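The values are calculated or read from the model by the stated rules, or taken from the named source; none is laboratory data. Everything numeric in this text was worked out from a predicted model, so none of it was measured. FYI the Cβ positions are ideal-geometry reconstructions off the backbone, even for glycines, and counts take in every protein chain you see. Keep in mind that these areas ignore ligands, DNA and RNA; they rest on the heavy atoms of the full protein, side chains included. Shrake-Rupley method; radii C 1.70, N 1.55, O 1.52, S 1.80 Å.
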Amino acid sequence: MAEKGKKRCSFCGRFEDQVALLMTGISGYICNECVEHAHEILREESLLPKSDFEMTELPKPKEIKAFLDEYVIGQDEAKCALAVSVYNHYKRLMQRDACDDVEIEKSNIIMVGSTGTGKTLLARTIARLLKVPFTIVDATVLTEAGYVGEDIESILTRLLQVADYNVQEAERGIVFIDEIDKIARKSDNPSITRDVSGEGVQQGLLKLLEGSVVNVPPQGGRKHPDQKMIPVNTRHILFICGGAFDGIEKKIAQRLNTHVVGYNSVQNSHQIDKGDMMRYIAPQDLRSFGLIPEIVGRLPILTSLRPLDRDTLRNILTEPKNSLVKQYIRLMEMDGVKLTFAPDALDYIVDTAVEYKLGARGLRSIVETIMMEKMFEIPSSGVKSCKITKEYAKKQIEKSTSIAGA
């Protein structure tokens, strides 16, 4: 016989010490298990509101690329590879509900390019378009289990958070792993000692990339025995990796039997563009750089991003919807000031960025240096217009210690 006054679920009759949570209503109680059961019934009867990630119309690869073109200048090859991978990911999700003998496997993608060429920008831009959960994580904080840093499974914690802890939605998402080159093993030979932030992390990533059920800590961080885990199946999660792979040009040059600098006696060397060795990248170059063969095999689509030339940098400065020039014009408009840039000032900014070899990121640091004094003075000055000339830009750059010492 039940103890008098002891709370129990009004639906299943279990007492509060028999369930994880007992919620109080106006004239009764309901336990967490009955809530979950009711949720399943609503899902089966299609009475739940549609997910934020519900696909109403499948975006075609050309439509995806056209959207990327509005925000990212150049890099057509990488855009096409990204668009096709995302499009196939959508089709694979549609196939999950269909009866088909041919199962479409996922094709994870890896993007290689020097710093400032737009790898992370491509990922952030495509996230605006997608109708599936999308997150960007950094590989540099990952270490083997038991060491300072984050577990490999914490990658999926971010995806769960984006999907509002809806496991079904998270299992159809896309993860962009940035700085994948930073977990390259420290030597060409297999480690005989612990490589806790290199080869060890790569070994841990294998099960995520291939597809398996992973126990994920809901709040991230390190796992501990008393923590409740959420099982997530990664079989249908698309992984996109990006990295600068600084120095891989030498590996490519060795494979092509050529040299990045100096004289060359190879007869066909004139056919190789030494200014853009990344275009000749192959999976064996990633392996020689320090990625283990198993990781390379699970990233079948390999694409490279081209170095940004002067014309591309000039277009990046002014053409995209959220270009740097438009951002600063908008900032000044909020203070009632009309800001303009002289064409020769823009050319000087581009020339400086080329000189410092900082890529597109260098444009922001240069423009920020030029605009800093104006942005400090103008809000209190009462002026209504401001024009940035080449002479002013050159003066600001020359007296800046931050840019000169970079």
Percent accessible area from carbon and sulfur atoms, the stretch 109-179, protein chains only, probe 1.4 Å: 49
Along the stretch 29-41, Karplus-curve 3J(HN,Hα) (6.51, -1.76, 1.60; θ = phi - 60°) to the nearest Hz, with x for Gly and Pro, reads 9, 9, 8, 5, 5, 5, 5, 5, 5, 5, 4, 5, 5
Could you rank the peptides 75-82, 388-395 by their average count of other C-beta atoms within 10 Å per residue, with the highest value first? 75-82, 388-395
How would Val232, Val296 line up by accessible area, probe 1.4 Å, largest first? Val296, Val232
Quick one: with all protein chains in place, what share of the accessible area of the stretch 316-406 is carbon or sulfur, to the nearest percent (1.4 Å probe)? 54
May I ask you to give the solvent-accessible area per residue for the stretch 71-144, in square angstrom, as obtained with a 1.4 angstrom probe? 41
Return the distance in nm (one decimal) between the two label points of a simple spin-label model at Leu58 and Lys228, each offset 7 Å from Cα along Cα→Cβ. 3.8
The stretch 320-406 - accessible surface per residue (Å², probe 1.4 Å): 58
